[in-house]
């Protein structure tokens, strides 16, 4: 792989299909994989690996104005169910000799929704399956929520699952789903990764 700085695979797992295990339709499931072999001209050994799983889901409260507590609770519950699927998808892409130690979450809310819909979807409820799947995770999971139209991107931030002050784990990955979200949809992202490529920056002493 010499001279090849990285690779990105985007796999569409599901289109126009409703998962029986959730109450709202999932229109697409996708995987984004990044593996870095070189950074700043230096080899990355072992390669730094980050995987993000995404779901394009209907937003049942789009266009209804400011969400009430019941709506926000319903979205938080939905995120836990969808997050269980996304966590399993992402973690399955790590080989036995490459254990992820970092995680992050993000959401893009379609333009008929509101930012608080996104806050509900990256609520602590989403963290439950992420921590359970990783088998770690007392540290806060970095989360980003934004409004955006079809093809909007978001930078998913990664942090160490056990130590939020572990600078080696701090990284990010830009992700987007072409054509999504529609105005009445959201795109939910769950990510896991190893340390940042050739991490050398340390916290102040």
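The values are calculated or read from the model by the stated rules, or taken from the named source; none is laboratory data. These numbers come from a predicted model, not from an experiment. Methodologically, a virtual Cβ is constructed for each residue, glycine included, from the backbone with ideal geometry; neighbour enumeration extends over all protein chains shown.
Summary of computed values
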| quantity | calculated |
| --- | --- |
| Of all residues making up the range 183-205, the number that are surrounded by 15 or more Cβ atoms within 10 Å (Cβ to Cβ) and farther than 18 Å from residue 79 by Cα | 7 |
| Residue 58 surrounded by fewer than 23 Cβ atoms within 10 Å (Cβ to Cβ) and within 28 Å of residue 169 (Cβ to Cβ) | no |
| Index of the failed condition, residue 111 passing every other in (1) closer than 18 Å to residue 31 by Cα; (2) at pLDDT 95 or above | (1) |
| Qualifying positions in the range 57-79 - touching a helix residue (DSSP H, G or I) at 6+ places or on another chain (Cβ under 6 Å), assigned to a helix (DSSP H, G or I) and over 30 Å from residue 34 (Cα atoms) | 72 |
| Residue match in the range 154-170 (condition: surrounded by fewer than 18 Cβ atoms within 10 Å (Cβ to Cβ), at positive phi and modelled with pLDDT of 95 or more) | no |
| Meets criteria (buried (at least 20 other Cβ atoms within 10 Å of the Cβ) and touching a strand residue (DSSP E or B) at 6+ places or on another chain (Cβ under 6 Å)) for residue 106 | yes |
| Qualifying residue in the range 170-187 (condition: more than 21 Å from residue 27 (Cα to Cα), out of contact with any helix residue (DSSP H, G or I) (no Cβ under 7 Å at 6 or more places or on another chain) and assigned to a loop (DSSP other than H, G, I, E, B)) | yes |
| Hey, residue 82 at negative phi and part of a strand (DSSP E or B) or not | no |
| Residue match in the range 115-137 (condition: within 21 Å of residue 154 (Cα to Cα), in contact with a helix residue (DSSP H, G or I) (Cβ under 7 Å, 6 or more places away or on another chain) and assigned to a strand (DSSP E or B)) | no |
| Some residue of the range 17-27 being modelled with pLDDT under 95, surrounded by fewer than 21 Cβ atoms within 10 Å (Cβ to Cβ), touching a strand residue (DSSP E or B) at 6+ places or on another chain (Cβ under 6 Å) and not in a loop (DSSP other than H, G, I, E, B) | yes |
